[in-house]
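*Asks:* Sharing a structure, written as structure tokens. Questions coming.
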């Protein structure tokens, strides 16, 4: 935030070299240089990324859309699997075998992701169930927020880690789980912790957790599989040559296609996963503020987290989008929007401040 | 051309059933929310004697504050009716606040482990009460909006769905904008 450049229009603090107000897009004529995406240093660059309006869906609509998105995800993955299996099968000579093998693989993967996705994610991150003697405040705060959200009590987990982070999982609110790191517990005030838990509770209530966990497990698995395939391809090619038979030049086209497919599949899956979770973060921030009626608690928690680090045990690319702040990358306003799992933390903080009526009134009226 | 009135009839019945069920669901949600408040109020009533017991040795000079808490609890436990109950509970909240404010002056007291955990329990319970109240009032607003707006008000009046009452906010909550929305 280190802002020392107040917007003349809405009073928001901006970085000293900003060319446009981060919040209301008011240009600061000739006062600075843009530090936003794509603008070369030293030019009066492109406009700041627009603060697009985040539609506030009622929770039941958000939940329905998450159920739809999850179905679509499973369907698209089935198509991708069959396509991949077909190409691989054809490369190695038997289309039917390739298709049926990938179908079986898909069935195993999809049911694992759907039925035990949450416990997989929890165990990847070494989460243990919170004890009422050891963490009475955490359990109290979670209960407060489940009351505010009108939900059943979720299971509460703790991860032993210095980094400050939290995530929620579970197919539906009745099976929800919320996990936080010990670093988060020791360094946040009660009010800030409340903001974080409210954010997670909003994810649970809008069933973002269903989609996010499914995406985590499936995307993780598909990346693993195509890694395997790529290695196998080179392995088989080497063996085929020394054996002197089979394969031949006709298969090279399929082989190339297979490699391209294997490279593109996880990339596409990841892009899908990322473009969706950014909107959800803004939505959960706003919905969480509705539970606590105190957007500043979360704003101050996010500030602390981005200052002190968000590492968690077992962090990996498959689950990064689950967390309240991405444990692998820090997002600044420059981060390329398409490849981010989260919106820039400073923009999230500014939006929350604007909700509380701090330095954002003029903008909200527009 | 028999099918046009048939489709209209089916649509009307479907809307009728859907709206009725929604009203029932909202009314039950209010009851459940009210129950949540009562659970937390009960919990607070149970915690206060423990707190007073632990605290009184340290705070011999603050008998007045302690007596006020005990009296406020007594009034709240015996209060009958939503309005009287709300008033008594708000008075209890105020007396607890002044107790915790006074406790700040007693370092020994703050260092006491069982006081600290009791204070956390009471803070948690206070928050749960106010969040339960917030959820209750939000639910009442949704329900009242539904039974008073066209066209669902038709079904509401036929089946005698009456508007619910809000849980009145204490003095300290008057500034919260949500309370003015009715």
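*Asks:* Over all residues in B:117-130, what is the mean tally of Cβ atoms on other chains that come within 10 Å of each residue's Cβ? Don't jump to the answer; show the numbers that get you there.
*Replies:* Values: counts 3, 0, 0, 4, 3, 0, 5, 9, 3, 1, 10, 8, 2, 4.
Counting other chains' Cβ atoms within 10 Å and averaging over B:117-130 gives 4.
*Asks:* Can you give the Kirkwood hydrodynamic radius for region B:3-180, in Å, rounded to one decimal and based on Cα pairs?
*Replies:* Numbers: mean 1/r = 0.0527 Å⁻¹.
Result for region B:3-180 stands at 19.0 Å.
*Asks:* If I fit a long axis through the Cα atoms of helix B:3-55 and take the longest principal axis of the Cα atoms of chain B, what angle between them do I get, 0 to 90°, rounded to 10?
*Replies:* Rounded to the nearest ten degrees, it is 10.
*Asks:* Further question: Can you compute the modelled spin-label distance between residue A:116 and residue B:45, with each label point 7 Å from Cα toward Cβ, in nm?
*Replies:* 4.7
*Asks:* Please work out the C-alpha center-to-center distance from region A:80-108 to region B:9-53 and express it in whole Å.
*Replies:* 52
*Asks:* Same structure again: How far is it, in nm, from the label point at residue B:32 to the one at residue A:328 when both lie 7 Å from their Cα along the line to the Cβ?
*Replies:* 3.8
*Asks:* To the nearest 10 degrees, how steeply does helix B:113-148 sit against the main Cα axis of chain B, on a 0 to 90 scale?
*Replies:* 20
*Asks:* What is the fewest-to-most order of B:56, B:87 by other Cβ atoms lying within 10 Å of their Cβ?
*Replies:* Values: B:56 13, B:87 16.
So the residues, fewest neighbours to most, are B:56, B:87.
*Asks:* Here is a further query. Sort B:131, A:167 so the one with the fewest other Cβ atoms within 10 Å of its own Cβ comes first.
*Replies:* On the way: B:131 26, A:167 30.
Fewest-to-most Cβ neighbours within 10 Å comes out as B:131, A:167.
*Asks:* What is the order of B:59, A:164, fewest Cβ neighbours within 10 Å to most? Don't skip to the end; give the middle numbers.
*Replies:* On the way: B:59 18, A:164 30.
Sorted ascending by nearby Cβ count, the order is B:59, A:164.
*Asks:* For chain B, take the longest principal axis of its alpha carbons; what is the angle in degrees between that and the long axis of helix B:63-78, to the nearest 10 within 0 to 90?
*Replies:* In chain B, helix B:63-78 runs at an angle near 30 degrees to the longest axis.
*Asks:* Hey, got the average number of other protein chain Cβ atoms within 10 angstrom for residues in A:190-197? Intermediate values should be presented prior to the final figure.
*Replies:* On the way: counts 4, 0, 0, 0, 2, 0, 0, 0.
Rounded to a whole number, the mean comes out at 1.
*Asks:* I would also like to ask the following. Taking 8 Å as the Cα distance limit and 6 or more residues as the minimum spacing, I'd like the relative contact order of chain B as a percentage.
*Replies:* On the way: 126 pairs, mean separation 55.6, N = 182.
Normalised by residue count, the contact order of chain B is 31 percent.
*Asks:* A further question on this structure: Which whole-number percent gives the relative contact order of region A:149-224, counting Cα pairs below 8 Å spaced six or more residues apart?
*Replies:* 32 percent.
*Asks:* Right, another one. Under a crude label model (7 Å from the Cα following the beta-carbon direction), how far is residue A:132 from residue B:100 in nanometres?
*Replies:* 2.1
*Asks:* Using 0.36 nm per residue of separation minus the Cα-Cα distance, give me the extension gain between residue B:2 and residue B:64 in nm, one decimal. Show your work: numbers first, answer last.
*Replies:* Values: separation 62, 0.36 × 62 = 22.32 nm, distance 8.09 nm.
Net length gain for the segment: 14.2 nm.
*Asks:* Sticking with this structure for a sec: How far, in nm, would the chain grow between residue B:13 and residue B:157 when pulled straight, counting 0.36 nm per residue and subtracting the alpha carbon separation? Can you show the working numbers first?
*Replies:* Working: separation 144, 0.36 × 144 = 51.84 nm, distance 1.70 nm.
Residue separation times 0.36 nm, minus the Cα-Cα distance, leaves 50.1 nm.
A short reminder: the numbers here are calculations on the coordinates, not readings from a lab. Because the structure is predicted, anything quoted here is derived from the model rather than measured. Heads up, the Cβs are rebuilt from the backbone with ideal geometry, glycines too, and the neighbour counts pull from every protein chain shown.
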